[in-house]
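Beneath this line is the structure, given in structure tokens, with notes to follow.
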Amino acid sequence: MKMKILNSRPWYVDYLFIFAGTGLMAWSVQCIFEPIGLVTGGFSGIAIIIRKMTTGFVAGGIPLWLTNLILNVPVFLAALKVKGKRFIGRTAIGTVLLSFWLFVIPQIDLTQGDYMLATIFGGVITGVGIGLVLLAKGTTGGTDMVSALIQNYARQYSVAQVLQVIDGMVVLVGLYVFGLKPALYAIVAIFITSKISDTLMEGMKYSKAALIITDRYKEIADAIMRNLDRGLTGLEATGMYSGNHKTVLYCVVSKKEIVELKDIVAEIDHNAFVIVTDAREVLGEGFLEY
């Protein structure tokens, strides 16, 4: 039976996300990474390298937007042949918009040659931009699409693994062109970018999940429901050492409530075994709305 999954956002909101996300990415490249020579991988990194290497032949070097567009054309043609039209989808829009923003945003050195500021703010801004594009279920082409095409023929590797190798090679070329210091800062910027985009995708509102293994599960469950007004789920389990059947309580609470939950458990059964983990973006009644 096929099920139709409805997107809670209007369709135009996704395109606004792509529009804003590519703008932030281009702004970071034009005004933070490129002036200081930080090559953070991707086609934008290749564009920065090409601009630097062509300054002696072309006034100001080949523009970033032009390089990004030219590099993506053969990749899109290959993707169209190998993957089909559905694979390209919103990626084409993201790629065109990124080149558009690189064209219209003037190059201004916002960090005034400060590598630390460029690394932190460039990584954060790029991470937010990528996160917005991914939230809209799109990409900006580039090495992401190249990795997907290569993985189509080398299935023993994941797309992420192929992407790491390609972007690593771009950073190495950047090391040769700009030197060791910018390359080291670029690696830090890549780390910050990935963390920010992951946080945006996975949610920024953290909760706590608790697994409670106890023989007095009924009393503990009643106390938590009464004092915290939180629901619990009883999971049937078997102790592999004792062979006894147990009911494991599973409960998700806010960060402020986890202290009270542990106090409740300790008061009723100080021998209980409690495992507390982070839970990102809990959706449903009592937490975030869908």
Checklist entry - For the residue pair Glu236 and Asn271, what label-to-label distance in nm results when each label sits 7 Å from Cα along the Cα-to-beta-carbon direction? => result 2.5 nm
Item to check | Pair Gln112, Val259: separation of 7 Å Cα→Cβ label points (nm) | outcome: 4.3 nm
Item to check | Computed FRET value (nearest 0.05) for Phe103 with Ala20, which takes r as the C-beta separation and R₀ as 30 Å | outcome: 0.95
Checklist outcome for this item: 1/(1 + (r/R0)^6) with r = Cβ-Cβ of Leu66 and Arg155, R0 = 35 Å, i.e. FRET efficiency to nearest 0.05, evaluates to 0.55
Checklist outcome for this item: Around Val248 (Cβ within 14 Å, Cβ-to-Cβ, excluding Val248; K/R +1, D/E -1) the net charge comes to 0
Next on the checklist: I need the peptides 183-189, 245-251 ranked by packing, meaning the mean over residues of other C-beta atoms within 10 angstrom, with the highest value on top.
Outcome noted: 183-189, 245-251
Checklist outcome for this item: Taking a probe of 1.4 Å and leaving out DNA, RNA and ligands, the range 45-132 shows per residue an accessible area in Å² of 53 Å²
Checklist outcome for this item: If amide H atoms are modeled at 1.01 Å from N in the peptide plane, then the residues at a separation of 5 or more from Lys246, or on another chain, having amide H under 5 Å from its own are Ala237, Thr238, Gly239
Checklist outcome for this item: Straight-line reach check, Lys81, cutoff 18 Å on alpha carbons, 8 or more apart in-chain or any other chain, hits among aspartates and glutamates -> Asp144
Checklist outcome for this item: Result: in the range 138-272 the number of Lys pairs with C-alpha under 17 Å apart, spaced 8 or more or on different chains, is 8
Checklist entry - Which label belongs to the value computed from this structure, given these candidates for Rg and Dmax of the Cα atoms in Å: (i) 23.0, 97; (ii) 24.8, 79; (iii) 26.1, 76? => result (ii)
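At a Förster radius of 51 Å, what calculated FRET efficiency corresponds to the Cβ-Cβ distance of Asp215 and Ala78, to the nearest 0.05?
According to the calculation, E is roughly 0.25.
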Next on the checklist: Can you compute the modelled spin-label distance between Met201 and Lys181, with each label point 7 Å from Cα toward Cβ, in nm?
Outcome noted: 3.4 nm
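Starting from 0.36 nm per residue, how many nanometres of slack lie between Asp229 and Thr54 once their C-alpha separation is accounted for? Present the calculation step by step, with values, prior to reporting the outcome.
Values: separation 175, 0.36 × 175 = 63.00 nm, distance 6.53 nm.
Full-extension gain reported as 56.5 nm.
The values are calculated or read from the model by the stated rules, or taken from the named source; none is laboratory data. All values derive from a computational prediction rather than experimental measurement. Glycine also receives a Cβ, built like all others from the backbone with ideal geometry; neighbour counts cover every protein chain displayed. When the accessible area is computed, the model is the full protein with side chains, heavy atoms only, and any ligands, DNA or RNA have been set aside. Shrake-Rupley method; radii C 1.70, N 1.55, O 1.52, S 1.80 Å.
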